[in-house]
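To start, the structure under review is shown below, and the notes come after it.
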Amino acid sequence: MIDNIYTTTQAKMEKTLQAVKQELAKIRTGRAHPSLLDHIKVPYYGSEVPMSQVASIGVEDARTLTITPWERNMVVVVEKAIRESDLGINPQTAGSVIRVPLPPLTEERRRELIKVVRHEAEQGRVAIRNLRREANAELKEALKEKRIAEDEERRAQDRIQQLTDQYIKKIDQLLAEKEKDLLAL
């Protein structure tokens, strides 16, 4: 029973950590990286699909991404999707290849992005704490129904707290790495 609650909570915390990683990957640093475009959806035969399913995305140099759609008629659609995204970048088309130059980040923009990164990390920490609260509520319910003893509940709460601390520390490490990337010139 207690192990089941622990395992479920750990799985949920891992999913939360992965979600935070994905959100942080969307925030661009000064370098070109294909994951920058992961969240952009492209209309393709009546449905919205991730850009990686209609084109290959590569890195030409430190500040330029190249996108090569697999179908020639998708060039304009992909270019429009990038232009309308929240990234604030301007793609340039040369035949069937789309080049996306990433302008260097200004100091002001870096500070704004650091605020966004910190907000995303805090959202992750809040989600982790909410999972801890849910697990502790399940333990209290089990105690109330006399399925576990008080000392078992206390030990289980300590384990859940250690797990929470571990995942919050991982989020803090992700935050520190992303801040370092943003501040690097």
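The values are calculated or read from the model by the stated rules, or taken from the named source; none is laboratory data. This is a predicted model, so every value here is computed, not measured. Quick reminder, even Gly has a Cβ in these numbers, built from the backbone with ideal geometry, and neighbours come from all protein chains shown.
Odds and ends about this structure:
- Exactly one residue out of SER85, SER47, SER96, SER35 is in contact with a Pro (Cβ under 9 Å, 6 or more places away or on another chain) and of a type outside the set (A, V, I, L, M), and it is SER96.
- Conditions (1) surrounded by 12 or more Cβ atoms within 10 Å (Cβ to Cβ); (2) assigned by TED's automatic domain parsing to the domain that holds LEU17; number of the one not met by SER96: (2)
- Among the residues making up region 146-185, those that are over 30 Å from ARG109 (Cβ atoms) and outside any helix (DSSP H, G or I) are LYS146, ARG147, ILE148, ALA149.
- Flag for VAL78 being at pLDDT 85 or above, more than 30 Å from GLY124 (Cβ to Cβ) and touching a strand residue (DSSP E or B) at 6+ places or on another chain (Cβ under 8 Å): yes
- Condition check for TYR44: touching a Leu at 6+ places or on another chain (Cβ under 8 Å) and either more than 24 Å from GLU120 (Cβ to Cβ) or surrounded by fewer than 17 Cβ atoms within 10 Å (Cβ to Cβ) (or both): no
- Hits in region 1-23 - residues which are of a type in the set (S, T, N, Q) and assigned to a loop (DSSP other than H, G, I, E, B): none
- Qualifying strands (runs of 3 or more DSSP E) (wholly inside region 24-102; at least 1 residues being free of Cβ contacts under 8 Å to residues at least 24 places away in the same chain): 47-50, 55-61, 92-94
- Single residue of region 59-92 satisfying the filter (surrounded by 14 or more Cβ atoms within 10 Å (Cβ to Cβ) and among the polar types (S, T, N, Q)) that is farthest from LEU36 (Cα to Cα): THR68
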